[in-house]
Every structure is written in structure tokens, then in C-alpha cells.
Amino acid sequence: MAAITLEGVSKRYGPVIALDEIDIAIPDRALTVVVGPSGCGKSTLLKVIAGLEEADSGQVAIGGERIDHLPPARRNVAMVFQAYALYPHMTAAENMAFPLRMAGLGRAAIATQVRAVAETLRIADLLDRKPAALSGGQQQRVAIGRALVRDPAATLLDEPLSNLDAQLRADMRAEIAGLQKQLGATMVLVTHDQIEAMTLAERIVVLNHGRVAQTGGPLDLYHRPANRFVAGFIGAPQMNFLDCRITALGADGIAVALAGDLTLTIPADPGAARVGVAATLGIRPEHLALGETSDPSLVCAVTRVERLGASAHITVDSAAGPLRVAIAGEPSLKEGESLALGLAPARCHLFDADGIALASRTL
Amino acid sequence: MRRRRLARIGLYLGAGAFLAFTLFPVYWAAVSSLESGAALFTIDYWPRDPAWENYSDVFADQPFGRNIANSVIVATLTVGLSLALAAGAGFALGRVSFRGRRLMLAVVLATTMFPQVAVLAGMFELIRGLGLYNNLAGLALSYLLFTLPFTVWVVTTFMRQVPAEIEAAALIDGAPPWRVVWSILLPLVRPGLVTAGLLAFIGAWNEFLFALTFTLTDAARTVPVAIALISGASQYELPWGRIMAASVIVTLPIVALAAVFQRRIATGLAAGAIKG
């Protein structure tokens, strides 16, 4: 087990920049999730760490030792692939034994280790089957077993859950998290699914266009997104964004005016903000309050109600623009109905014209 | 319903005609091989008085056993060399990206454009220059000319179908490149190797022109040449009975090979042995 550090790692494919000066420190014995939309460079990042792709520049180190010049076989890194990539002509046991055979272990030692890992993963009764005779979830376990059997410095998982159906995905998610804790393994998991990232990670790295958009714990990213991209990417349903204009900078925060004559004073550090410039106000659907409150409110018309049972998503039109609202329970709202929506200033995020968050004082 | 039935009848009729057309020569050879003397020139669809001595005569009058052994050696050598070279070439052309890969594949295919006679003289000089005239190794070497292009193509095509992730997984699991090819890729492209190998074997087994040109003595001849050179008591007599007996004998190994491997080829292709 060891920490992984990347410094100034860049990689381009022709004119496409996959990784742009990436600096990341992946902590030892923790589960780090790298998340981002497709094409953000997250899979390239894993390949660079594994040695399947060579970075154009920058350094990769595991446990303080530079490894970017080593071939994959000598990096002591294991990987679980999206489509599992089990060897179809070998049984589950042979698949898991392969890395140990390559390491030159003896027959007896291999058998013992494979059995131990198979028992941890509860696949001991499947060892004689070939991948074609295993279900998706079972193949996944074998693939994880093949990665963990040689006790690697780090295990990289590339979208390991996206080929499973929803129920199995939730189970495997819990299982991977449990396994990581149990073994104290260093794991890096790549996904495009922010819910997976939020539920699994101790630490999340959000990538966008080959750059690190933000790094932090799941709730850090939720409460204090560093920019508009992270604010929109983390959290479901997505954060609402409203155009606004900065009207005053005061001791109690930044005053902004929204379309529809609504003025809010948001408790944020003015920093480099200037009066008169355009900005974006962000507020999460679950932080909008239905009905009259002491907060400034918008008059809205309901355009759509989606009832999920435990909660409901409501789409409304307001003078400031369309908004999504998430509330608990089953509201007795109808389409076309008008209502008041309270915006609590303390729950609002403010982004400057470049999409950079203006530091909030309260959150 | 009726139309479907008609279509089915048509299908069976067509298949029957095709089978009759392809199998009749073999059947005729088998029948002729059991007839002797004048009986050959009457039309019988079943030999009235089977003459088995044609089969023993084949081995008595010339070193036919030796000729069969020669054919086995040459065909096996050809298949072995072809597959060994095609495995390496298929890996390079199918899984490694380098400049000029497409051009190289096209060139490999282009070598099949030349008819055998066109290269015969040049090949003869080459064989003689290497000191392989009247030598089985020389034959096997010259057969690579027509077996390698398609073995390389077939193996390359199969290699391409192996998902990149499987190769990557093997590299990460600590396998050196030769081990990736040997332990992972080759087992996965086995249906391709079997298909290509079988075709190469049949090609080498049946080859006549090179075998005739590059050998001199009976002891170095392969089966097709030996059969063509079977002669009768006088130059006016062609011993059809013995020629047919010899033909039947040398057809059997090919039929057996095809029978043994055809299920593997078929299942290999159908099951998609390569599915990740």
C-alpha cells in the first residue's frame, strides 16, 4: 500500500488534450474516486498511473518512488476494467492465479492465496468455472479478486460498476467500499456517476477537460463547490443557476439583483468582485423553500410535478428563469398553480463571470 | 405454409444437387479403384467383383509409403512454419500500431496475386542457391509463398478481435510481451490458427507444380507427383485402377483432418471464443 502522487502530468492525443498539467495526491489506504463527464481524461489518468499510456510530461510516483519510466508489470499496480477483461480461456481460479504465476510464486503458495481471496469475495464455489459461465456480478468479483490477490501497492478500478444492473450496482458499491476498509487497500476508482462518487469516496477528484476542477471530501464538494462546473456536476437533481448582477458590496456580503426585481444579499467574501458585473447565482433544488418564508421569495408557476414517492421534483417558471425544486413527501400541487419560492441567502452560491465561486462565509 | 414447404423442398433439392456434383468424382474414384483390366471401361455404379490388388500394387510398384511420409513431413513443416510466422506477424499487424501497418498488410495480400508459374523459375534459382533442390525442406519453404499470406491475414483478423482490455490486463498482471502472446492471445485466436493451419495443410498436401519442379528422385517426391507419375506396363497403358486407388488413399487423411477439426472451427467461430 502506498500513496500515489502525480505532478504536472500532461497527455495529448494529437490535437486533443486529455490531461493538462494534472497535480493530484492520492492518499494511502483510502478510496479515492476520480469523477467527471465522459471525455474528461479520467480513464487516461488511470492508464498513465498503470503504465498503459505514457505521459507526455510530468511525474508519477507511488510511495515516493518515481514509476513513470517503468513498464506496467513493474509498477505493482493492479487494475479492474469496465468489461472485467477476464481471460476467457481460463477458469476463475486460473484468472486469479495468473498475476501470481507471473510473479513466479510456487504452486502451493498460489493455491493458498487464490483460495483466501476467493473466500473474502465469496466466490470459492465458482473457482472451476470459466468466465462465460459466470454472471456479470460474479465476473466482477473474479476481476476484483485477480487485482487484490497479489496485494498491490494500489488498485485502479475503471468504471467497475457501469456494466451491472441497478440493484447489483448498489450491492457491489457497498461491497467494494467494505472490501477497501477491510483490507486497508489504496484504491482509485474512476466513474462518470456522481452518486457513485459521493457514496463511495473518502476523497473525490473532479476532472473536467483534462484539468482538476476540485479535490475534496464528498460533502466539501457539495457544500463548497469551487466553481460552477463542480456545483452543477455534484448533486442530483442539478443545482439551479440564475443570471444576476452585483449591485453592492457590503460588510454583510454581496448584494445581487435577479431578473424580476428580486434582490438578495449573499453572505460571501467580495474578493475581486466588482459592482455592476454579471454573475451567476446557484441554489440547489433541495434548498428552495415552498411557501412564504422570511427569505426573499419569487412568485412562480408550476410547470411540471414528478412524484417519486419519498420526494418530488417540481419544475417552475419564475421571472428570474426556470427552477427545479426538490421536496420531501407527496405535494398536492397541480400544473399551472402559482406559488411562492423562498431563496435563503445562506444557501446560495455565487459564481463570477468565469464560473469561479466567490467564497461563502457561512457554509 | 405451402410456400415455406416449397422453399424447403427447393433447399433440399439444391443441396442434393450440390452434394452430387462435389461427391460424384470421389465416388467414381473409389469405384474405379476397385476395378481392374477391362472392367474399368464398362460403366458400373457398383464394382461387381472388387479388385483390392490395386491398393497393394500402389505400394509394391513404387515407394508410395515413402511418398506419403514425404507429404506428411512437408505439409506439417509448412503448417508449423506458417503458423509460427503468422502468430508473430498477426500480433504485430493486429495489435501493435506502427506506421505503414496498412501498407504492409496490403503487400502481404498482394503477394498472392502472382500465379505459381510466374514465380516458378525464380523460385527454382532460389531453392538451388540455398542448396535445397530435391529436398523436402525446400518444398516446405516454397509452399510458404502461398500459405503465409492467408495465414497471416486470418490470424491478424482474429488477433484484432481480442479486446484491448484483455491485453492490458495481462500486461498489468505482470506478463512480459511474449507471455501475453503465448498465454493470452494465442489461446484466444486458436479457432483462427486451426482454420488457417488446416487450409495450409490441404494446400501443401495437394500442391503439384513446385513439387514436380523442385524434386528429382522418387525418394523425395510427394504424393500428387507420385500419383501423376504412376505408369503402366507400356507407355500406351494408363493404370487407372492404381491411380484411383492411390488417390483414394491420399484423400482419407484430409477427410479425417477436416472431420476432426471442423467442429472446433465451427464452434470456435459461432461461440465467439473471444467475447470478453
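The values are calculated or read from the model by the stated rules, or taken from the named source; none is laboratory data. Since the structure is predicted, the reported quantities are computational estimates derived from the model, not experimental observations. So basically every Cβ, Gly included, is an ideal-geometry build from the backbone, and we count neighbours across all protein chains shown. Just so you know, the surface numbers come from the protein's heavy atoms only, side chains and all, with ligands and any DNA or RNA stripped out. Shrake-Rupley method; radii C 1.70, N 1.55, O 1.52, S 1.80 Å.
Could you list, in sequence order, all residues of segment A:181-193 that are within 22 Å of A:Ala118 (Cβ to Cβ) and surrounded by fewer than 21 Cβ atoms within 10 Å (Cβ to Cβ)?
Residues satisfying the conditions are A:Lys181, A:Gln182, A:Leu183, A:Gly184.
Here are some residues: A:Leu262, A:Leu249, A:Leu281. Which one is under 30 Å from A:Ala312 (Cβ atoms) and over 29 Å from the mean Cα position of the chain (by Cα)?
None of the others qualify; the one that does is A:Leu262.
Anything in segment A:90-116 that is aliphatic (A, V, I, L, M), away from every other protein chain (no Cβ under 14 Å) and closer than 23 Å to B:Arg179 by Cβ? List them, or say none.
From segment A:90-116, those aliphatic (A, V, I, L, M) are A:90, A:92-93, A:96-97, A:100, A:102-103, A:105, A:108-111, A:114, A:116; that's our starting set.
Right, trim to away from every other protein chain (no Cβ under 14 Å) and you get A:92-93, A:108-109, A:111, A:116.
Hits for segment A:90-116 are A:Ala92, A:Ala93, A:Ala108, A:Ala109, A:Ala111.
Please pick out the residue among A:Ile246, A:Ile254, A:Ile204 that is under 30 Å from A:Ala170 (Cβ atoms), touching a strand residue (DSSP E or B) at 6+ places or on another chain (Cβ under 9 Å), open to solvent by less than 10 Å² (accessible area, probe 1.4 Å) and part of a strand (DSSP E or B).
Details: A:Ile246 fails: under 30 Å from A:Ala170 (Cβ atoms); A:Ile254 fails: under 30 Å from A:Ala170 (Cβ atoms).
Every option except A:Ile204 fails the conditions.
Restricting the search to segment A:11-60, which residues are open to solvent by less than 10 Å² (accessible area, probe 1.4 Å), over 18 Å from A:Ser162 (Cα atoms) and within 14 Å of chain B (Cβ to nearest Cβ)?
A:Val48, A:Ile49, A:Ala50
Could you please find all residues in segment A:116-152 being open to solvent by 10 Å² or more (accessible area, probe 1.4 Å) and part of a loop (DSSP other than H, G, I, E, B)?
A:Arg122, A:Leu127, A:Asp128, A:Arg129, A:Lys130, A:Leu134, A:Ser135, A:Arg150, A:Asp151
Identify the single condition in (1) open to solvent by 50 Å² or more (accessible area, probe 1.4 Å); (2) more than 9 Å from chain A (Cβ to nearest Cβ) that B:Thr195 does not satisfy, given that it satisfies every other one.
The one condition B:Thr195 does not meet is (1).
Among the listed residues A:Thr293, A:Thr315, which satisfies the condition of being surrounded by 13 or more Cβ atoms within 10 Å (Cβ to Cβ), of a type outside the set (Asp, Glu) and in a loop (DSSP other than H, G, I, E, B)?
Criteria check complete, one pass: A:Thr293.
Would you confirm whether any residue within segment A:284-297 is of a type in the set (Ser, Thr, Tyr) and under 20 Å from A:Ile195 (Cα atoms)?
Step one: of segment A:284-297, the residues of a type in the set (Ser, Thr, Tyr) are A:293-294, A:297.
Checking which are under 20 Å from A:Ile195 (Cα atoms) leaves us with none.
The answer is no, given that none of the residues of segment A:284-297 is of a type in the set (Ser, Thr, Tyr) and under 20 Å from A:Ile195 (Cα atoms).
Give me a count of the residues in segment B:200-250 that are part of a helix (DSSP H, G or I) and of a type outside the set (Asp, Glu).
As a first pass, look at segment B:200-250 and keep what is part of a helix (DSSP H, G or I): B:200-206, B:209-214, B:218-220, B:223-228, B:240-250.
Next, from what is left, pick out any that are of a type outside the set (Asp, Glu): B:200-206, B:209-214, B:219-220, B:223-228, B:240-250.
Going through segment B:200-250 one residue at a time, the tally reaches 32.
Kindly indicate the residue of segment B:174-192 that is within 25 Å of the chain's Cα centre (by Cα) and without any contact (Cβ under 8 Å) to a residue 24 or more places away in the chain and also farthest from the other protein chains (Cβ to nearest Cβ) among those meeting that condition.
Filtering segment B:174-192 down to residues within 25 Å of the chain's Cα centre (by Cα) leaves B:182, B:185-192.
Filter once more, so that each one left must be without any contact (Cβ under 8 Å) to a residue 24 or more places away in the chain: B:182, B:187.
Values: B:Trp182: 12, B:Pro187: 4 Å.
Ranking the candidates gives B:Trp182 first.
State yes or no: is B:Phe201 closer than 24 Å to B:Pro115 by Cβ, within 23 Å of the chain's Cα centre (by Cα) and at pLDDT below 90? It would help to see each step written out before you state the result.
On the way: closer than 24 Å to B:Pro115 by Cβ: yes; within 23 Å of the chain's Cα centre (by Cα): yes; at pLDDT below 90: no.
Considered against the rule, which asks whether it is closer than 24 Å to B:Pro115 by Cβ, within 23 Å of the chain's Cα centre (by Cα) and at pLDDT below 90, B:Phe201 comes out as no.
Which of the residues spanning segment A:70-83 are part of a loop (DSSP other than H, G, I, E, B) and either at the interface with another protein chain (Cβ under 7 Å from one of its Cβ atoms) or open to solvent by 40 Å² or more (accessible area, probe 1.4 Å) (or both)? I'd like the intermediate steps shown before the answer.
Quick first cut of segment A:70-83, residues part of a loop (DSSP other than H, G, I, E, B) only: A:70-71, A:75-76, A:81-83.
Residues satisfying the conditions are A:Pro71, A:Asn76, A:Phe81, A:Gln82, A:Ala83.
Test A:Thr199 against the stated conditions and say whether it is open to solvent by 60 Å² or more (accessible area, probe 1.4 Å) and part of a helix (DSSP H, G or I). Talk me through it step by step, then tell me what you get.
Details: open to solvent by 60 Å² or more (accessible area, probe 1.4 Å): yes; part of a helix (DSSP H, G or I): yes.
Yes: the conditions hold for A:Thr199.
Considering only residues of segment A:266-294 that are within 25 Å of A:Asn227 (Cα to Cα) and acidic (Asp, Glu), which is modelled with the highest pLDDT?
First, the residues of segment A:266-294 that are within 25 Å of A:Asn227 (Cα to Cα): A:266-289.
Next, from what is left, pick out any that are acidic (Asp, Glu): A:269, A:286.
Working: A:Asp269: 84, A:Glu286: 94.
Checked segment A:266-294; the qualifying residue modelled with the highest pLDDT is A:Glu286.
Which of the helices (runs of 4 or more DSSP H) contained wholly in segment B:75-192 include at least 3 residues that are surrounded by 18 or more Cβ atoms within 10 Å (Cβ to Cβ)? Walk me through it before giving the result.
Values: elements: B:101-110, B:116-129, B:136-161, B:164-172.
In segment B:75-192, the matching helices (runs of 4 or more DSSP H) lie at B:136-161, B:164-172.
Conditions first: (1) open to solvent by 30 Å² or more (accessible area, probe 1.4 Å); (2) in contact with a helix residue (DSSP H, G or I) (Cβ under 7 Å, 6 or more places away or on another chain). B:Pro224 passes all but one, so which condition is the exception?
Here B:Pro224 meets the rest and fails (1).
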